[in-house]
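Shown next, in structure tokens, is the structure this report addresses.
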Amino acid sequence: QVQLVESGGGLVQPGDSLRLSCAATEAIFSFTVMAWYRQAPGKQRELVASIAGGGVINYAESVKGRFSISRDLKNSVYLQMNRLKPEDTAVYYCYGHRSVGYWGQGTQVTVSS
């Protein structure tokens, strides 16, 4: 069974950086797309960034220029988050799609002074 496990969340101050990691139990390139979503309290889950198998990358407008998605050659995908803002506070989820979609359990990111 495919599993995605996120790590790297935490409490940081505005302007700080964090790097989230997502480890899959299958090779990353077996997924047609990997993505990061986030869900803030009282809000719908939203796409933050995605990377397709061919390498096409997309970002939400709110994170362009601050966040960067990447993957390694094995089983991990990353989200580098720079210049964090309080509005980036949310639970961040890793998502992978291959025939069906798979979700990680989420990792909390809190940006607060």
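Here are some notes:
- Flag for residue 48 being open to solvent by less than 80 Å² (accessible area, probe 1.4 Å) and in contact with a His (Cβ under 7 Å, 6 or more places away or on another chain): no
- When we screen 64, 43 for residues that are at pLDDT 95 or above, over 15 Å from the mean Cα position of the chain (by Cα) and basic (Lys, Arg), the only hit is 43.
- Of all residues in the range 54-109, those satisfying the criterion of being open to solvent by 40 Å² or more (accessible area, probe 1.4 Å), of a type in the set (S, T, N, Q) and more than 14 Å from residue 31 (Cβ to Cβ) are 58, 62, 68, 70, 80, 82, 105, 108.
- Single residue of the range 1-38 satisfying the filter (within 16 Å of the chain's Cα centre (by Cα), among the small types (Gly, Ala, Ser) and more than 14 Å from residue 63 (Cα to Cα)) that is most open to solvent (accessible area, probe 1.4 Å): 7
The values are calculated or read from the model by the stated rules, or taken from the named source; none is laboratory data. Quantities reported herein were computed from a predicted structural model and do not represent experimental measurements. Cβ: placed from backbone, ideal geometry, glycine included. Neighbour counts: every protein chain shown. The accessibility values were calculated without ligands, DNA or RNA, using every heavy atom of the protein model including side chains. Shrake-Rupley method; radii C 1.70, N 1.55, O 1.52, S 1.80 Å.
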